[in-house]
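None of the figures in this text is laboratory data; all of them are computed from the coordinates on show. This structure is a prediction, so every number in the text was calculated from the model and none was measured. Cβ placement follows ideal geometry from the backbone for every residue including glycine, while neighbour counts extend to all protein chains displayed.
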Amino acid sequence: MASPLQDVLMFEFDVDREEELDLSGIAKDVSDFGENAEARLGRAVKSERASHRYQNRSTDAENSTRLSVVSDGENDLTLDAEMSVEYASYLQKNGWSEFESKVRKALGAIDDDAAALHHIRHRVK
């Protein structure tokens, strides 16, 4: 018998704000980065909850698809996007869920935001 969380799909996202904190020219951009990242991942999770093709009476798959703030300190932010039902990988492999592709798309957009921020940071110096 499989353990209850054996097939959980989880992505962890970690932002280290420490390096950019002293850059007064882009302080607002830096402070917004974590919030924007959380919003992007939140939209991906919400979209998956609303649109995956697997529907049953228990709503376990919908309810277990969530975004959690693991830590939110002055210099770091850690977020977990997860679908924590034991059959999550089954849903993914059989086309019932697009959780992985939606989260990866959000992570790609966050990477683009980070690259733009990095570019601005070097332009300010």
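Within segment 46-117, report the GluC sites (Glu not before Pro) that DSSP leaves as loop and that have at most 15 other Cβ atoms within 10 Å.
Passing both the DSSP loop test and the Cβ count: 74.
Within segment 35-76, which trypsin sites (Lys or Arg not before Pro) sit in a loop by DSSP and count at most 13 neighbouring Cβ atoms inside 10 Å?
In loop regions of segment 35-76 (DSSP not H, G, I, E or B), the sparsely surrounded trypsin sites (Lys or Arg not before Pro) are 53, 57.
Evaluate the distance, in nm, between pseudo-label points positioned 7 Å from the Cα of residue 56 and of residue 109 along their respective Cα→Cβ axes.
The modelled label-to-label distance comes out at 3.0 nm.
If you put +1 on each Lys and Arg Cβ and -1 on each Asp and Glu Cβ, how big is the dipole of segment 29-118 around its Cα centre, in Debye rounded to 20?
That gives segment 29-118 a dipole magnitude of about 720 debye.
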